Amino acid sequence: MTTPLPIIDIIVVGASNMDLVSTVARMPVLGETIHGTSFSTGFGGKGANQAVAAAKCGGKCAFLGKVGTDEFGKEMIRNLQTNHVDVSHVSVTDQASSGVAPIFVDEKGRNSIVIVNGANDLITPQDVDNAENMISKAKILIAQLEIQSPITLHALKLARKHGLLTILNPSPAPDTTIPEIAALMTDLMSYTDIVVPNEVEAAMLSKQSTDIAATPAGLNKVHDLLLGQGPILSLISLGSEGASVAVKTTSFVHPPTLVPCPKLEKVTDTTGAGDCLLGTFAYFLCEYLDKHAKQETTPHDLFVEQLKTDGISFIVECTKKAGQAATFSVQRPGTQKSYPNAEELSLLLQAA
């Protein structure tokens, strides 16, 4: 008897890393050695973070990635399973170590991160193709720029082939002053429905100065430039200010709208907060699409139809809820372990 495939709504293609976290009073300057105050390990990688964030909310989520044969790799797979993420397309290689990310967090919650990709760089087009059956039945595919960009492009193309809604988190920020990277980003954006950068990533992707999004006029310009590259929706995360969303289709345009998040007196750790925002946003968006599902209508087409029917209101609502989840996460130490589960999220939304 053939075992039926699990029902998966959200597929995340990306990196999984073991975070090696040192807390410090302040960041060291170049060449300086300082004492830290504590050390811990945690699970990270933008792709794995986003998958866990969506699954902890209650989303039916799968992760497509690669780890090494080392203990870090085994622990990462176990952690994904513990958080109810499907790992049937997480492969193992003996050709590289699992990915690691040394992280320094200062007493104000600010962080600096170095990523060593390891096995993440060995994901192949065949690894993606092996998941085509699962992808064809899903609603949303999420990708980032932590793995090899041609693999990300291959995944986005496959998702587009099957009518999924595609989300690209262009992080780490691409250097679009390099012609080869600029050309690849043009291809990636042409297969992206929703682009979700932070302020710096948005500026770099639109070839503007990194502080341009600091003013309303600059932020509006960045939205226009991003939407001009192919996406339907640009969602720019603004840290403690919340997020800004704008939409452009052939028949519907909505100017940038600020979606504020709750204000905090103290922040403990911002590591992975953007991934929490994106993962929970995808969960709430998927929940919305489920409520309005139509037979023979793909998730991509349904999203466009609902923009005509409901305008931007459902996007604002999904973003607002995701912002509350991200705000919750920065009040606790760690990355994935700081994300709210379904019960915590329900209480958050009830109290809002």
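The values are calculated or read from the model by the stated rules, or taken from the named source; none is laboratory data. Just so we're clear, the structure is a prediction, and the values are computed from it rather than from any experiment. We place every Cβ from the backbone using ideal geometry, glycine too, and count neighbours over all the protein chains shown. To get the accessible areas, we keep the full protein, side chains included, count just its heavy atoms, and leave off ligands, DNA and RNA. Shrake-Rupley method; radii C 1.70, N 1.55, O 1.52, S 1.80 Å.
Comparing ALA213, SER251, GLY228 along the charge dipole axis of the stretch 209-352, the residue lying farthest to the positive side is ALA213, per the Cβ-charge model.
Subtracting the Cα-Cα distance of LYS263 and SER209 from their residue separation scaled by 0.36 nm leaves 16.7 nm. Kindly identify the stretch 221-301 as rounded, prolate or oblate by the Cα gyration tensor criterion: order the square roots of the eigenvalues as a ≥ b ≥ c, call it rounded if a/c is under 1.5, otherwise compare a/b with b/c, prolate if a/b is larger, else oblate. Note, shape of the stretch 221-301 comes out oblate. For LEU64, the residues whose modelled amide H falls within less than 5 Å of its own, excluding neighbours fewer than 5 places apart on the same chain, are VAL12, VAL13, GLY14. Protein heavy-atom surface of the stretch 10-51, 1.4 angstrom probe: 61% of the accessible area is carbon and sulfur, with nucleic acids and ligands not counted. Backbone geometry of the stretch 256-262 corresponds, through the Karplus equation with coefficients 6.51, -1.76 and 1.60 at θ = phi - 60°, to 3J(HN,Hα) couplings of x, 10, 7, 10, x, 10, x Hz, x marking Gly and Pro.
The accessible surface of the stretch 238-352, taken with every protein chain in place and a 1.4 Å probe, is 54 percent carbon and sulfur.
With a Förster radius of 35 Å applied to the beta-carbon distance between HIS162 and THR69, the computed FRET efficiency rounds to 0.65.
Estimated at 0.36 nm per residue, the fully extended path between VAL29 and ASP310 surpasses their Cα-Cα distance by 96.1 nm. Tell me the label only: which of (i) 55, 43, 38; (ii) 58, 57, 48; (iii) 56, 53, 49 is Cα extents along the principal axes in Å as calculated from this structure? For Cα extents along the principal axes in Å, the calculated option is (ii). The GluC sites (Glu not before Pro) of the stretch 1-93 that meet both conditions, a loop assignment by DSSP and at most 10 other Cβ atoms within 10 Å of the site Cβ, are GLU32.
Estimated at the nearest 10 Å², the accessible area of THR250 is 150 Å² with a 1.4 Å probe.
Please report the antiparallel percentage of the DSSP beta bridges confined to the chain, to the nearest 5.
Working: 21 of 52 bridges.
Close to 40 percent.
Heavy-atom surface analysis with a 1.4 Å probe gives the stretch 136-187 a carbon and sulfur content of 58 percent of its accessible area. Accessible surface for CYS318 stands near 10 Å², nearest 10, in the context of the full protein assembly shown (1.4 Å probe). Within the stretch 8-87, the trypsin sites (Lys or Arg not before Pro) that combine a DSSP coil assignment with at most 14 other C-beta atoms in a 10 angstrom radius are ARG26.
Ignoring ligands, DNA and RNA, what accessible area per residue does the stretch 178-233 give at 1.4 Å, in Å²? Show your work: numbers first, answer last.
Values: 2420 Å² over 56 residues.
Here the per-residue accessible area is 43 Å².
Across the stretch 273-288, rounded Karplus estimates of 3J(HN,Hα) from the backbone phi angles (6.51 cos²θ - 1.76 cosθ + 1.60, θ = phi - 60°) give 5, x, 5, 4, 4, 5, x, 6, 4, 4, 4, 5, 5, 4, 4, 5 Hz, Gly and Pro being marked x.
The phi-based Karplus calculation (6.51 cos²θ - 1.76 cosθ + 1.60; θ = phi - 60°) puts the 3J(HN,Hα) values of the stretch 154-166 at 4, 5, 5, 5, 5, 5, 4, 4, 9, x, 6, 7, 9 Hz, whole numbers, x for Gly and Pro.
A 1.4 Å probe run over the protein chains yields, for the stretch 1-149, 46 Å² of accessible area per residue, whole-number rounding. Taken about its Cα centre, the chain carries a charge dipole of about 560 debye when Lys and Arg each add +1 at the Cβ and Asp and Glu each add -1 at the Cβ.
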